[in-house]
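Structure, as structure tokens:
What follows draws every value from the coordinates through simple rules; no lab data is involved. Keep in mind that what you see is a predicted model, and the values were worked out from it rather than measured. Positions of Cβ are generated from backbone atoms using ideal geometry, with glycine treated the same way; all protein chains shown enter the neighbour counts.
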Amino acid sequence: MLLGAVFEREVTVAPRARGLFVARAVYCGALLAIIATCWLVVTGTQSVSTAGDTARFGATLLRILGPLQLALAILAAALAAAVAVSTEKDRRTLELLLVSRLTDRELVLGKLAGSLVRVVLLLLAAVPMFAITSLFGGVTMPQLVRLFVVTLAAALTAASIATTVAFWKDTTFQTLSITLFLLATWTALGETLAATRGPDAGAAVSPARAVFAALAPDGGRTLAPFLGICAAIVIGANAVAVACLRRWNVAREQRLPATAEREAAAFRPARRVWRNPILWRETCTRAYGRMLILVRLAWLALFAVAVAGILREAGSPRPDRLAVAIAVIPMALASLVAVAALAVTSITTERDRGALDLLLVSDLEPKEFVWGKLIGVLVVAREMVLLPLATCAVMAVTGITTAEHALYLAAGMAALVFFVAVLGFHVGLSYTSSRQAIAVALGTVAFLFIGVATAMRIMVAFDTSFELQLAPFLAVIVGGAVGLYAALSARNPSAAIAWASALLPALTFVAITGFLQGNSLQVLLVVLVAYGFATTALLVPAIGAFDLLTGRKSAGD
């Protein structure tokens, strides 16, 4: 078979996994809930009496669901591809695959295709949900076909990039962070072309613009160039991965003679370990790989792009705040996801390599381990923490926003960064499967922030009184709360986590309405209360129930 035994196994096992059935049911249920919410918002606030009214509703609904599915498909494909390879490296099983009869092509393409099986099945399950929009009118079948073609092409491209990076880099964090940087660069390049050469040039490169162009009546005009660029990236990335697979994955012990290693160790000066050995290891050793400098350079490049976008608008008489948001938000969201990825992989990597068991039999106290890991994560990811805050200062200096609003932005961003770090640490302790832990942590971050973007899109698209939209959103809020509680209380359910899961979606809705109404201070206070309480609810049980979460003690002890 062209794709080899790796793909055959994934095709055989993945469709029978219970998690895939749950994921498809949840995804289709969420799409149906969004459709029902939009319909209730429209019918509850305005008259829908003609075919033209329903047609406009169907077209608007598709422009809400299409970008949502695109974002989820790209993130899911990139995450699945990156974790599929990185897990093999962490568990030292990639070396067994390399000495098998699998060819380099079969290994690379098999891992790529296997990671896309679940994403493709989710997209197939969503086809009937999207077909509902055509029942309202204003949506044609060619538009739906173009939408799914663009989504599949973007997902395949993201997975190809992630697979190549995963075979290249040593650790899961490096893989995820560099993949996020490349995806943000992909989008930023499309926006730059759209600003300099027109919308068609941007739609030929940017997946976000391509999906909106595909929904236009003449969407076929930019579809072929976009598919051509995606095909070029897919072919180029996989060709590089196949050609460099074995050179990238030769063990370091095999690159240097053993005698040279012993001689280097003999002349290496001893280093003094701090009172908290976990913090010392996180910050003073190469715990996250030898090439972490590439991650830092990547975030400096994202910061430079954001500053360039801010300065370009600062020089105009009337700055376009949407253009500033497009320049800044990708870096901010990539930073949040990367910090969460670093926090969860700081636990899963220790578990996969057997180092966590050694730590648990030592005399480390829970607070030393928890704070050592959290502070170490924030120190290692300092560019991801500080550079988004620096963009707030740049916006204040250039006059894009006032110093007061810049302070609000910086405080809110700092609260969110610490929240996602604690979230990743909590999930890493709660789930024994590395793939499941990473998926839950990054999926929760995506749910919170992509869900926020979707809710804002619904409110703006159906511009009515925000108070009247609360009732239709209640079902989504309740569903989100149940999902959060199920994800966060896997091994350590508590009343605090239950309250945090219930309050986060509701208070996030309040923050959205405050933002759209221009109440910046209200948004900051709500964010600090909601995410501050959620952070405390996750952090305190992580310390108090540390022995239970890590298996030091059983529930009956």
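A few comments on the model shown:
- Modelled FRET efficiency - R0 45 Å, residue 357 with residue 120, Cβ distances, 0.05 increments: 0.75
- With respect to the chain, whose longest principal axis is taken over its alpha-carbon atoms, helix 495-516 is tilted by about 50°.
- Across segment 112-236, the relative contact order, built from alpha-carbon pairs under 8 Å that are at least six residues apart, equals 26 percent.
- Couplings 3J(HN,Hα) for segment 402-413, derived from phi with the Karplus relation 6.51 cos²θ - 1.76 cosθ + 1.60 (θ = phi - 60°), are 7, 4, 5, 5, 5, 5, 4, 4, 5, 5, x, 5 Hz, where x marks Gly and Pro.
- For the chain: relative contact order, % (alpha-carbon pairs under 8 angstrom, 6 or more apart): 15
- Stretch gain in nm, segment residue 224-residue 127, where the contour uses 0.36 nm per residue and the Cα spacing is subtracted: 32.7 nm
- Spin-label pair residue 197/residue 320, simplified geometry with 7 Å Cα→Cβ offset, distance in nm: 1.7
- Shown in residue order for segment 369-383 are the 3J(HN,Hα) couplings computed by the Karplus curve 6.51 cos²θ - 1.76 cosθ + 1.60 at θ = phi - 60°: 5, 5, 5, x, 5, 5, 5, x, 4, 5, 6, 5, 9, 4, 5 Hz (x for Gly and Pro).
- Three principal axis extents describe the C-alpha atoms of segment 4-251; from largest down they are 68, 46, 27 Å.
- Spatially close Lys pairs in the chain, defined by Cα atoms under 30 Å apart and a spacing of eight or more places or different chains, total 9.
- Simple spin-label estimate for residue 293 and residue 521 in nanometres, 7 Å along Cα-Cβ: 4.8
- Most tightly packed first, judged by the mean number of other beta-carbon atoms within 10 Å of their residues, the peptides 170-176, 375-381 read 170-176, 375-381.
- Phi angles of segment 21-35 translate, via the Karplus equation with coefficients 6.51, -1.76, 1.60 and θ = phi - 60°, into HN-Hα couplings of 4, 5, 4, 5, 5, 5, 5, 5, x, 5, 4, 5, 5, 5, 4 Hz per residue; Gly and Pro are given as x.
- Extension reserve of the residue 12-residue 272 stretch, reckoned as 0.36 nm per residue once the Cα distance is removed: 88.5 nm
- Value of [θ]222 nm, deg cm²/dmol, for the chain, DSSP H segments ≥ 4, -39500 (n - 2.57) each, nearest 500: -27500 deg cm²/dmol
- The alpha carbon convex hull volume per residue for the chain rounds to 170 Å³.
- Peptides 342-353, 57-68, 388-399, 513-524 ordered by average Cβ neighbours within 10 Å, highest first: 342-353, 57-68, 388-399, 513-524
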